[in-house]
1. If we count other beta carbons within 10 Å of each Cβ, what is the order of MET181, MET112, fewest first?
2. So which trypsin sites (Lys or Arg not before Pro) in region 1-86 are both in a DSSP loop and have at most 11 other Cβ atoms within 10 Å of their Cβ?
3. When a/c is below 1.5 the answer is rounded, else prolate if a/b is larger than b/c, else oblate, so apply that to region 39-89 with a ≥ b ≥ c taken from the square roots of the Cα gyration tensor eigenvalues.
4. Across bins of 10 angstrom width beginning at 0, how are the C-alpha pair distances of region 35-191 distributed, in whole percent?
5. As a footprinting exposure proxy, order TYR178, TYR32 by other Cβ within 10 Å, with the fewest listed first.
6. Calculate the tail of P(r) for region 83-176: the fraction of all Cα-Cα distances greater than 24 Å, expressed in %.
Amino acid sequence: MGQRAKTFAPSVALAVQGPFIAFLSCQSPTGYVVLSVASGMLALGLGAFLSGPWGRADVRKQTFMASMGTLAMLVGWFADAGFGPLVGNRVCLCGCSDSLTGLGLVSRFHWMQGCMLAACSVVTFMAAREQPAPFSLGWIALQVVTSSILMLAGMAVAGWAMGTLSFQNPTSALFASYLAMSAGMVIGASFAGRLQPRTRHTFNSKEAASQDRWAQTPAPD
């Protein structure tokens with residue numbers, strides 16, 4: 001994936017989340033406009049940030065994973081709600097263990113987590129293919145597992161935190177859960193990004209040391 005695509009894709013993924021959330025929360029036409037404009041402005045700001053001197057390769061990678069992960073989260077929510085809106089569709093959003101938000105994220109596995117894991121796997125594989133050094137399937141699998149565990153952990157903590165709160169309005173519960181889980185996912189992805197280069201360096205160091213030992217072993221007469 002080229003540099004322009006790495007800047008364009010996260011911005012688009014962020015821009016479409018505004019109208020998507022408006023649909024899931026059954027907003028009025030005014031709500032659609034407000035959320036669409038807000039997500040569009042954030043997407044433009046993100047594009048300008050990634051195009052500037054701060055848009056390093058690691059920043060683009062983490063931004064790409066976070067934006068795709070949060071979009072996949074909304075797609076999973078859409079599937080969990082029977083491919084309809086969450087608000088006004090007899091979907092529990094109170095934060096209990098049977099809810100699609102709050103403690104329901106900890107007690108059960110939903111399409112939302114599954115879609116997020118799928119997006120994480122795809123993004124990790126794409127990033128691994130662009131590495132200059134050779135990579136193994138084991139290293140890719142370790143990256144996927146590390147990213148998935150940390151992102152799920154961030155979402156679980158956010159879900160638990162939302163479960164301790166009581167919202168009278170389901171729309172408010174949906175927005176609060178979306179923001180909290182997105183933040184938890186981004187934090188988890190950030191920690192995964194910090195761990196993965198070290199893991200790879202360790203693998204490469206062990207491999208190089210093993211090759212050195214073989215090279216230093218004298219050949220039998």
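1. Ascending number of Cβ neighbours within 10 Å: MET112, MET181.
2. Hits after loop and neighbour filter: ARG56.
3. oblate
4. 11, 37, 33, 16, 3, 0
5. TYR32, TYR178
6. It works out to 35 percent of all Cα pairs.
Read-outs: derived from the displayed coordinates by stated rules, not from any lab. This structure is a prediction, so every number in the text was calculated from the model and none was measured. For neighbour counting, all protein chains shown are included, and Cβ atoms are generated from backbone atoms with ideal geometry for every residue, glycine included.
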